[in-house]
Amino acid sequence: MIFLRVSGHPTPNSRPHSLVSDLERAISDRLRLLGLPTIRRRILAFGVLATIIPSIITGTISYAESYRALTEKTTDQLGVASFQSAREVDLFFKERVLDLRVFANSYEVTESVDRLGPARSSGGNPAARRLTDYLKSVKVRSTDFEEIQAINRQGVVVASSSATPSTPRLPTGWLRDMGSDRPVFGDAFWDETVGKALVTVAVPVTRNDVGIGAIAGRVMLDQVATILRRFAPGDSGQVALVTVAGRFIVSSRENSAALMQDSLSEVANQTLSERLGNPVEFQDHQGQQAVGTLQQVPRLEAATVAFLPVAEAFQQVNRLRNVTILTVLSLLLVVGGLAYLFSLVLVRPVERLRNGAAKVAGGDLDVHLPVTGSDEVAYLTEVFNDMVRRLRESRVELERLSNTDGLTGLFNRRRLMEALGAEVARATREEKPCSLLMVDVDHFKQFNDAWGHPAGDAVLSRVATILQESIRTVDVAGRYGGEEFLLVLAETGMPGALEVADRVRARLASEVFDGGRITVSVGAATYPEDGKSAEALVMSADLALYQAKKEGRDRVVQATAPPSRSP
């Protein structure tokens, strides 16, 4: 008889199984030490972690992107305000200089100034009387001048539109500058007699190309204050005209002698000047922390600075932060309760949910889990799918908001410039033309003042709709800022661009709004004739637009040709 003894040595497959068991036991012990002795609590913990962590990550990413978008929106608003106000102020003084040059070229002025000689003539002198009467007549038509004076080559006022002529406030040596045929600008000052801020502008009077004197006008800055108010950002922001030293001249909020005593600090003025056109945080003249941008006015030794209190500038950002925190906390409470219900089921679809949560944590929101049955796990799966869908929709909506203008639904300025840059790059690569139309609603400020901002918003929305309907699907329409719009026309030369511009102008001219009829001015530029970059095309179209404004509005002006296309 043979006896077989079975030894206690493990079989080859028993050792790995023991290792797995040891690992599970170790994990279980650790979980017990963490206060998770039961599977229900473990599933609850797993549900909370697998759902909340990706939600927090996604919420943090969304907050960061929204913070960036809102910050860019604020800085863009300030940059546009300073740039546009500087341009409008420069245009205002350009028009006043042109007025003075027209007066200076008058036969009455050149003959009378030359005859009156080196000293001021008495009122009985016929030449002096005629010159005085002429200055009074042009002063009546030119309401932006407080006084207009004729000055001989010795710097003596020989005639004035005022019964009591004032002393010209012009820089030392200004008579020498008259020989260069350039206008001379004096320092801004407050005149207590008229109760206004003024600046003196002088242009030369010549006869046979020889300087015989000058025409000087004391320009009132009331209109400048009105211009600045059009571009004031936010509720408590303002735009101010300041000297190169930072001294205030006039602002969108105030036009007074007291304001002209205030100035930016030396550090703030230097920082703003060094970072021209870029946002800078500084302490304003009232001691408040503000963020603003500065833009030089080319025609003056001055600049416009647009600024907002920091509290208002970042108010939306702070609100977004609080909403994000509240959303995450609310989500934590909701998901905690759902995870508890989920823990009542013994982990049948746990692995599927874990894998889905892992994808969301990795940033993949294209997740949809199948719902099986009608128990708690199925319900939790539906909630999970809905949450991911909302996150996905939120991300899509966030991308849309960062690319479009909230009022008109068109591309915003940032997305518009990206589209224009891409179209210019494509045109360069394929050696084909493309065109840009800059459309500006005429007298929109007066329309807003007369009918209110809701009516103005309705006009902008309708203009945007008409612009979108007037172009092809391959073209791009966007809101450049305020009442300005850009149309990017792919593979379109100047003839085609002018045809589109005329169609848009004519359709808007025939449109009837609650406040009356609206017209637009259009500047057209084409690649590569008018510029070989997006910025160059915008500048060319902008110059053409200003030409259209100058010629009387309600017309289309081509950047490369001086004559306009008027109705």
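With the highest mean first, a sort of the peptides 78-90, 502-514 on other beta-carbon atoms found within 10 angstrom per residue produces 78-90, 502-514. The rule of thumb for compact globular proteins, 2.2 N^0.38 Å, goes into the C-alpha radius of gyration of region 204-257 1.69 times. With the highest mean first, a sort of the peptides 416-428, 163-175 on other beta-carbon atoms found within 10 angstrom per residue produces 416-428, 163-175.
Compared with the alpha-carbon gap, the fully stretched path from Asn355 to Arg101 is longer by 83.6 nm at 0.36 nm per residue.
For region 489-567, the direction-averaged projected area of the alpha-carbon convex hull comes to 5.4 nm².
Report the per residue volume, in Å³, of the convex hull enclosing the C-alpha atoms of region 192-320.
Output value, Cα hull per residue: 133 Å³.
Please label the shape of region 126-192 as rounded, prolate or oblate, based on the square roots a ≥ b ≥ c of the eigenvalues of the alpha-carbon gyration tensor (a/c under 1.5 means rounded; beyond that, a/b larger than b/c means prolate, else oblate). It comes out oblate by the Cα gyration axes.
Please give every one of the lysines within straight-line cross-link reach of Lys549, meaning a C-alpha to C-alpha distance under 27 Å, and leave out same-chain neighbours fewer than 8 residues apart. The qualifying lysines are Lys94, Lys139, Lys445, Lys532.
Taking R0 as 22 Å, what's the FRET efficiency between Asp449 and Gln315 from their Cβ-Cβ distance, rounded to 0.05? FRET efficiency, Asp449 to Gln315: 0.25. Pairwise Cα separations in region 80-187 fall into 10 Å bins from 0 onward with the following percentages, short to long: 13, 43, 32, 9, 3, 0.
Over region 163-239, average the accessible area per residue using a 1.4 Å probe and give it in Å², no decimals.
Here the residues of region 163-239 average 47 Å² of exposed surface.
Separation of region 407-476 and region 249-312, taken as the distance between their Cα centroids, equals 30 angstrom.
What the Cβ-Cβ distance of Glu535 and Leu49 gives, at R0 = 45 Å and to the nearest 0.05, is a FRET efficiency of 0.35.
Across q = 0.17, 0.19 Å⁻¹, region 414-562 modelled as identical point scatterers on its alpha-carbon atoms has Debye log10 I(q)/I(0) values of -0.88, -1.07, in the order of the q list. The length gained on full extension between Lys94 and Thr271, counted as 0.36 nm times the residue separation minus their Cα-Cα distance, comes to 60.9 nm. Residues Tyr379, Tyr546, ordered by accessible area of protein heavy atoms at a 1.4 angstrom probe radius and largest first, appear as Tyr379, Tyr546. Largest first, the residues Lys359, Lys532, Lys549, Lys94 sort by 1.4 Å accessible area into Lys532, Lys359, Lys94, Lys549.
Using 0.36 nm per residue, how much length does the chain from Glu382 to Arg115 gain when fully extended, once their Cα-Cα distance is taken away?
In short, 86.5 nm is gained.
Modelled this way, with points 7 Å down the Cα-to-C-beta line, the labels at Thr465 and Lys136 are 5.6 nm from one another.
Mind giving me the FRET efficiency for Arg182 and Ser263? R0 is 25 Å, r the Cβ-Cβ distance, nearest 0.05 is fine. About 0.35, to the nearest 0.05. Across every pair of non-identical alpha carbons in region 420-462, the mean reciprocal distance, once inverted, gives a Kirkwood radius of 13.0 Å. The accessible area of Ile151, taken with all protein chains in place and a 1.4 Å probe, comes to roughly 0 Å².
The charge dipole of region 61-194, taken about the Cα centre with unit charges on the Cβ atoms of Lys, Arg (+1) and Asp, Glu (-1), comes to about 500 debye, rounded to the nearest 20. Pairwise Cα distances in region 146-259 exceed 18 Å in 55 percent of cases. Projected label points at Phe513 and Glu65, each 7 Å from Cα along the beta carbon direction, are separated by 3.4 nanometres.
Sort 443-455, 292-304 by packing, meaning the average of other beta carbons within 10 Å per residue, with the highest value first.
292-304, 443-455
The values are calculated or read from the model by the stated rules, or taken from the named source; none is laboratory data. A quick note: this is a predicted structure, and the numbers were derived from the prediction, not measured. In this analysis, Cβ positions are derived from the backbone assuming ideal geometry, glycine residues included, and neighbour counts consider all displayed protein chains. What goes into the accessible areas is simple: the full protein's heavy atoms, side chains included, and nothing from ligands, DNA or RNA. Shrake-Rupley method; radii C 1.70, N 1.55, O 1.52, S 1.80 Å.
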